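Quick note: the coordinates plus some simple rules give every number you see, no bench work behind them. Since the model is a prediction, treat every value here as computed from it, not as a measurement. Virtual Cβ from ideal backbone geometry, glycine too; neighbours counted across all protein chains shown.
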Amino acid sequence: AIGADDFDGFAREKPVLSALLGMVEYSTRHNDFMTTAYPKRDIVNTLGAWVAKQGLTQFRLAETEKYPHVTFFLNGGKEEPEVGEDRFMPKSPKVATYDLQPEMSAPEVTEKFVEAIGKGYDLIVTNYANPDMVGHTG
């Protein structure tokens with residue numbers, strides 16, 4: 001709102017600014033009037049990429065709430081799995097707050113974790129969501 005010339009969401013006077021600076025890139029549209037302090041970098045040689053280059057196998061496991069952390073974020077913002085990377089995502093329970101079902105999907109995560117160990121993966125990345133998510137409920 002502060003930097004877009006065509007903003008009409010509410011009445012405002014456009015301030016005189018020498019520059020607008022955002023911490024991260026929000027959108028290409030924002031780039032027209034805002035400089036990004038920390039532009040997105042292409043992350044290479046991630047853990048998963050390195051494991052794949054060695055010809056090793058890997059398994060990524062987390063329920064819905066934490067799945068992006070063991071896949072997308074760990075792969076440097078890349079959605080596609082690496083060669084030799086298998087994944088499994090049990091669904092997080094549909095409850096108003098996770099203190100109502102504090103185990104969340106931990107039993108299913110544990111079952112798949114043990115199964116993956118038995119299959120002999122070279123790397124297994126697992127994230128148990130419930131300690132974090134239940135903790136946020138207070």
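Between H69 and T137, 0.36 nm times their residue separation minus their Cα-Cα distance comes to what?
Values: separation 68, 0.36 × 68 = 24.48 nm, distance 2.01 nm.
This chain segment gains 22.5 nm when fully extended.
What is the Cα centroid distance between the stretch 1-77 and the stretch 93-124, reported in whole angstrom?
After rounding, the separation between the Cα centres reads 28 Å.
Roughly speaking, what is the stretch gain from K53 to T110, that is 0.36 nm per residue apart minus the C-alpha to C-alpha distance, in nm to one decimal? It would help to have the intermediate numbers written out before the result.
Details: separation 57, 0.36 × 57 = 20.52 nm, distance 2.79 nm.
Here the answer is 17.7 nm.
Using helices alone, what [θ] at 222 nm do you get for the chain, with -39,500 (n - 2.57) per DSSP H run of 4 or more residues, divided over all residues and rounded to the nearest 500?
Taken over the chain, the calculation gives -6000 deg cm²/dmol.
Could you work out how much longer the chain between I117 and T35 gets when fully extended? Use 0.36 nm per residue separation minus the Cα distance between them, nm to one decimal. Numbers along the way, then the final one.
On the way: separation 82, 0.36 × 82 = 29.52 nm, distance 4.68 nm.
Contour length minus the Cα-Cα distance gives 24.8 nm.
Which option, (1) 1.47; (2) 0.94; (3) 1.24, is the value of Cα Rg over 2.2 N^0.38 Å that was calculated from these coordinates?
It is the one labelled (1).
Once phi is turned into θ = phi - 60°, what whole-Hz ³J(HN,Hα) does the Karplus curve with 6.51, -1.76 and 1.60 give for every residue of the stretch 83-95, x standing for Gly and Pro?
Once θ is set to phi - 60°, the couplings for the stretch 83-95 become 4, x, 9, 9, 9, 8, 9, x, 6, 6, x, 8, 10 Hz.
Put +1 on the Cβ of every Lys and Arg and -1 on every Asp and Glu Cβ in the chain; which of A129, F10, Q54 then has its Cα farthest towards the positive end of the dipole?
Towards the positive end, the residue furthest out is Q54.
Roughly how many debye, to the nearest 20, is the charge dipole of the chain about its Cα centre, given +1 on each Lys and Arg Cβ, -1 on each Asp and Glu Cβ, and no other charges? Can you show the working numbers first?
Working: 14 positive and 21 negative charges, 38 e Å.
In total the dipole reaches around 180 debye.
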